[in-house]
Amino acid sequence: MSRTLAVYISGHGYGHLAQIAPVLNSLHGLCPDIRFVLRTALPYRLLSSRIRAPFSVLDGPVDVGVIQNSAISEDIHATIAAAQRFYDDFPARIRRETALIGAHSPEAVLSGISPLAFPVADQLGIPSIAVASLDWFDIYRDFLDADDPLLLTLQQSHESCDLLIKPPLSMPMKSFPRQQQVALIVDDELPLPTRPTVRTHTALIMFGGAGDPPFDIMGLGTIAGWQFLCLNPLPSVTPANVRQVNAGQSGTTALMTACDLVITKPGYGTLAECWLTGTPLAYLPRENFAEYPYLDDWLQTHAPSARMQMDDFISGNWLSAMHEALGCARRYPDIPGSGALQAAEIIEGMI
């Protein structure tokens, strides 16, 4: 008899999907009978590019996340206003959501990392599991007074979660009372091409779905001996050594193995794939985002990386940080097993 897992996926960027998709893929390998019902606002094409198992979608927002001015800049006032609207009369939203999800008779609810999922599971009398490296309580806590009712709502929601599964690169997330650590969660099932030994120096520019922060793209044309690959759309006029690429079915990890380094912002999905492929990175600081200090500390301790100054990034003066990342003596730690498989085994045991 088939079982059903309701899966809440945050629509804030693509990193939450990059984290939860490998878990679903591993869970499908362990238990092909489990049916996935995804509750998310992410587009189907993006979901199907990451999830290699049958699923259906209940379209709609499940959280607010953070509203971005750019990939590295948050609109705090708009974020708080949107969050207050979303969580206004939260009990009524929970009732509507419980009816929607309950119609599919799930055995459990998995969330990455919508706070709405946990009280819904509680109302249905089924287990709730989180897979996450950050949570919105810790993010919003930097934006709000300690006694703000929104923080209390989020904290109470997290306290009803039966288990938080945490990979490396995670914030403490102390609002979740029950936690279990696993190894790195990353899509490690796709075969990785061998890294070429002789080729033009290549950098992959990778800032996710919020788009690339503004910079002088013509400045890259002055960096001799390098080519730059961009995942996001380019302006109509670009230097000859800059071109747009598509990750395709092989994913961004295959692109990374064809590159010397990645230019990026710190975020779980990108850092996990750089770690998997052993790719150095030059990264931008991300002010006013509570996750950044934890990722910055990890990068400066464990990864071949360099922090790029914002003025240098904007002007296209990237070469110094690129050379620093390539010459960095730090090496990524070994990855002790598959965190996706470990998480899948935990979830299977709770369904």
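Observations
- The set of residues from region 308-329 being under 14 Å from Leu261 (Cα atoms) and either touching a helix residue (DSSP H, G or I) at 6+ places or on another chain (Cβ under 8 Å) or surrounded by 14 or more Cβ atoms within 10 Å (Cβ to Cβ) (or both) comprises Met308, Trp318, Leu319, Ser320, Ala321, Met322, Glu324, Ala325, Leu326, Cys328.
- Any hit, region 28-40, residues being in contact with an Asp or Glu (Cβ under 7 Å, 6 or more places away or on another chain), in the same structural domain as Ile126 (by TED's automatic domain parsing) and not aromatic (Phe, Trp, Tyr): yes
- Condition met for Asp88 (assigned by TED's automatic domain parsing to the domain that holds Leu152 and either β-branched (Val, Ile, Thr) or surrounded by fewer than 16 Cβ atoms within 10 Å (Cβ to Cβ) (or both)): yes
- All conditions in (1) touching a residue at least 12 places away in the same chain (Cβ under 8 Å); (2) over 23 Å from His323 (Cα atoms) hold for Gly248, with the sole exception of (1).
- Summed over region 245-293, the residues that are of a type in the set (Lys, Arg) and either surrounded by fewer than 20 Cβ atoms within 10 Å (Cβ to Cβ) or touching a His at 6+ places or on another chain (Cβ under 8 Å) (or both) give a count of 1.
- Residue that is nearest to Gly316 (Cα to Cα) [pool: residues in region 231-255 that are at pLDDT below 95, touching a strand residue (DSSP E or B) at 6+ places or on another chain (Cβ under 7 Å) and of a type in the set (A, V, I, L, M, F, W, C)]: Leu234
- Of the residues making up region 184-227, those that are in a loop (DSSP other than H, G, I, E, B) and either over 30 Å from Arg52 (Cα atoms) or at pLDDT 95 or above (or both) number 14.
- Of the strands (runs of 3 or more DSSP E) contained entirely in region 258-351, those carrying at least 2 residues that are of a type in the set (A, V, I, L, M, F, W, C) fall at 261-264, 281-283.
- Taken over region 102-141, the criterion of being without any contact (Cβ under 8 Å) to a residue 40 or more places away in the chain and acidic (Asp, Glu) is satisfied by Asp122 alone.
- Scanning region 44-57 for residues that are more than 14 Å from His16 (Cβ to Cβ) and surrounded by fewer than 18 Cβ atoms within 10 Å (Cβ to Cβ) yields Tyr44, Arg45, Ser48, Ser49, Arg52, Ala53, Pro54, Phe55, Ser56.
- Among the residues examined, Ala81 qualifies as surrounded by fewer than 15 Cβ atoms within 10 Å (Cβ to Cβ) and within 19 Å of Pro149 (Cβ to Cβ).
- Region 228-254, residues that are assigned to a helix (DSSP H, G or I) and on the phi > 0 side of the Ramachandran plot: Gly251
The values are calculated or read from the model by the stated rules, or taken from the named source; none is laboratory data. These figures come from a predicted structure and were not determined experimentally. Here the Cβ is made from the backbone with ideal geometry for all residues, glycine too, and neighbour counts use every protein chain on show.
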